[in-house]
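**Q** One structure, as structure tokens, below. Some questions next.
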Amino acid sequence: MTRILPDRAPICGLSLDRPRIMGILNATPDSFSDGGTVTDMAARVRQLVEEGAEIIDIGGESTRPGAETVPVEAEWSRVAPAIEAAAATGVVVSIDTRKAEVARRALAAGARLFNDVSALTYDPESIAVARDYAEAGGAVCLMHALGDPKTMQQDPQYEDVLREVYAYLEDRVKTAAEAGIPPEQIIVDPGIGFGKRLEHNLALMGGLGTFHDIGCPILMGASRKRFIGTLTGEEVAANRVHGSVAAAIIGANLNVQILRVHDVKATVQALSVWAAVHGLS
Ligand code: HH2
């Protein structure tokens with residue numbers, strides 16, 4: 001089966017002719033699906049890499065609905081050991097933070113992807129740090145969120161969620177490009193679950209392909225999220241593997257270039273079947 005792919009430059013040295021797996025490493029006590037479960041960062045990094053993660057996304061501040069912010073020093077002390085362990089393996093290291101200072105330290109420690117769920121709006125210094133990532137050959141991921149994690153799920157409203165999220169991301173890419181970050185080094189993400197109800201998440205998942213028109217690679221993070229629990233009745237986030245894998249395959253079919261997942265092994269297995277059908281071995 002021939003796929004017509006958007007023509008995209010590699011991100012952090014990874015070609016984007018097939019979906020790339022970003023494995024999640026939450027160095028947090030309170031993440032929604034695995035908070036406090038990872039104690040040996042180096043072992044978790046090894047596991048993610050062995051299972052097939054090509055990017056490891058390390059976060060030290062939960063962005064689950066209702067989460068409180070964490071001071072810089074506390075966030076840094078959570079993520080630093082994981083960044084060091086991941087950088088030593090040669091995998092692409094992504095830092096999931098809204099804070100310029102955490103991103104700056106992460107870059108010095110070997111991170112090459114700045115994953116900002118606030119799309120560089122939370123911290124006025126973040127745009128300059130994102131430019132440093134681009135100059136180091138890295139990239140920035142700009143994600144859409146309606147409001148901040150503390151309040152975002154209270155009453156999210158859209159007239160046309162696809163159009164509004166698209167317009168927001170297009171505008172954030174423009175701002176970042178004007179600040180000197182080349183669009184080939186910018187990733188866009190519709191932000192599944194960030195200020196969205198079930199119907200908004202479903203519209204965004206179904207319309208993922210639309211975001212290619214922005215001209216940047218797309219990242220999707222649907223793994224274990226609440227909407228899968230709502231659809232399936234599965235209350236325990238860690239048990240939402242099957243629904244998460246289905247979401248990843250939907251993303252792959254719509255040519256999403258980066259899939260952010262907790263369950264790397266299961267996703268890699270599903271994608272290998274998907275890839276064979278598409279002539280990728
Ligand atoms: N989702 C989460 C965190 N960071 N970054 C991007 N780019 N896209 C996402 O969808 C996304 C993200 C939330 O998931 P998780 O990290 O597992 O939970 P928590 O925020 O509670 O740590």
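**Q** Quick check: anything in region 160-179 touching a helix residue (DSSP H, G or I) at 6+ places or on another chain (Cβ under 9 Å), open to solvent by less than 10 Å² (accessible area, probe 1.4 Å) and in a loop (DSSP other than H, G, I, E, B)?
**A** No, region 160-179 contains no residue that is touching a helix residue (DSSP H, G or I) at 6+ places or on another chain (Cβ under 9 Å), open to solvent by less than 10 Å² (accessible area, probe 1.4 Å) and in a loop (DSSP other than H, G, I, E, B).
**Q** Restricting region 47-61 to residues that are within 11 Å of the ligand (Cβ to nearest atom) and part of a loop (DSSP other than H, G, I, E, B), which is nearest to Asp155 (Cα to Cα)?
**A** Glu61
**Q** With away from the ligand (no atom under 16 Å from the Cβ) and over 23 Å from Leu120 (Cα atoms) as the only criterion, which of Glu170, Glu159, Glu234, Glu164 stands out?
**A** The unique qualifying residue is Glu159.
**Q** Now a separate question. Answer with yes or no whether Ile4 is at negative phi and surrounded by fewer than 13 Cβ atoms within 10 Å (Cβ to Cβ).
**A** Yes; evaluated as a whole, the condition is true for this residue.
**Q** Please work out which residue is least open to solvent (accessible area, probe 1.4 Å), limiting yourself to region 91-120 and to residues that are assigned to a strand (DSSP E or B) and over 17 Å from Leu142 (Cβ atoms).
**A** Here the answer is Val93.
**Q** Looking only at region 72-80, decide whether some residue is closer than 18 Å to Ile21 by Cβ, touching a residue at least 24 places away in the same chain (Cβ under 8 Å), within 14 Å of the ligand (Cβ to nearest atom) and over 17 Å from the mean Cα position of the chain (by Cα).
**A** No, region 72-80 has no match at all.
**Q** Now for a separate question. Go through region 253-267 and give me each residue that's open to solvent by less than 50 Å² (accessible area, probe 1.4 Å) and either among the aromatic types (Phe, Trp, Tyr) or closer than 16 Å to Val241 by Cβ (or both).
**A** Leu259, Arg260, Val261, His262, Asp263, Val264, Ala266, Thr267
**Q** Then there's this: Count, please, the residues in region 208-267 that happen to be among the aliphatic types (A, V, I, L, M) and in a strand (DSSP E or B).
**A** Total satisfying the criteria: 6.
**Q** List every residue pair whose Cβ atoms lie under 6 Å apart, where the two residues are 6 or more positions apart in sequence or sit on different chains, the first residue falls within region 107-122 and is closer than 16 Å to Ala80 by Cα, and the second residue, located anywhere, is part of a loop (DSSP other than H, G, I, E, B) and more than 10 Å from the ligand (Cβ to nearest atom).
**A** Arg112/Cys12; Arg112/Gly138; Leu113/Cys12; Leu113/Gly138
**Q** Here is a further query. In region 79-100, is there at least one residue being in contact with a Lys or Arg (Cβ under 7 Å, 6 or more places away or on another chain) and under 26 Å from Leu146 (Cβ atoms)?
**A** Within region 79-100, not a single residue is in contact with a Lys or Arg (Cβ under 7 Å, 6 or more places away or on another chain) and under 26 Å from Leu146 (Cβ atoms).
**Q** Only residues that are among the charged types (D, E, K, R) and in contact (Cβ under 8 Å) with a residue 24 or more places away in the chain: list them for region 43-60, please.
**A** Arg44, Arg46, Glu51, Glu54, Asp57
**Q** Looking for whichever is surrounded by fewer than 24 Cβ atoms within 10 Å (Cβ to Cβ), within 27 Å of Gln185 (Cβ to Cβ) and either within 16 Å of the ligand (Cβ to nearest atom) or among the charged types (D, E, K, R) (or both) here; the options are Arg64, Arg18, Arg44. Which one fits?
**A** Of Arg64, Arg18, Arg44, the one residue that is surrounded by fewer than 24 Cβ atoms within 10 Å (Cβ to Cβ), within 27 Å of Gln185 (Cβ to Cβ) and either within 16 Å of the ligand (Cβ to nearest atom) or among the charged types (D, E, K, R) (or both) is Arg18.
**Q** Checking Asp123 against (1) crowded, with 24+ Cβ neighbours inside 10 Å; (2) in a loop (DSSP other than H, G, I, E, B), only one condition comes out false. Which one?
**A** Single failed check for Asp123: (1).
**Q** I've got another one for you. I need the full set of residues from region 190-213 which are within 15 Å of the ligand (Cβ to nearest atom), over 23 Å from Asn239 (Cβ atoms) and either without any contact (Cβ under 8 Å) to a residue 24 or more places away in the chain or open to solvent by 10 Å² or more (accessible area, probe 1.4 Å) (or both), in order please.
**A** Listed by number, the list holds a single entry, His200.
The values are calculated or read from the model by the stated rules, or taken from the named source; none is laboratory data. Just so it is clear, the structure is predicted and the values come from calculations on it, not from any experiment. Counting neighbours? That spans all protein chains shown, and the Cβs are built from the backbone with ideal geometry, glycine included. These area figures cover heavy atoms from the full protein model, side chains too; ligands, DNA and RNA do not enter into them. Shrake-Rupley method; radii C 1.70, N 1.55, O 1.52, S 1.80 Å.
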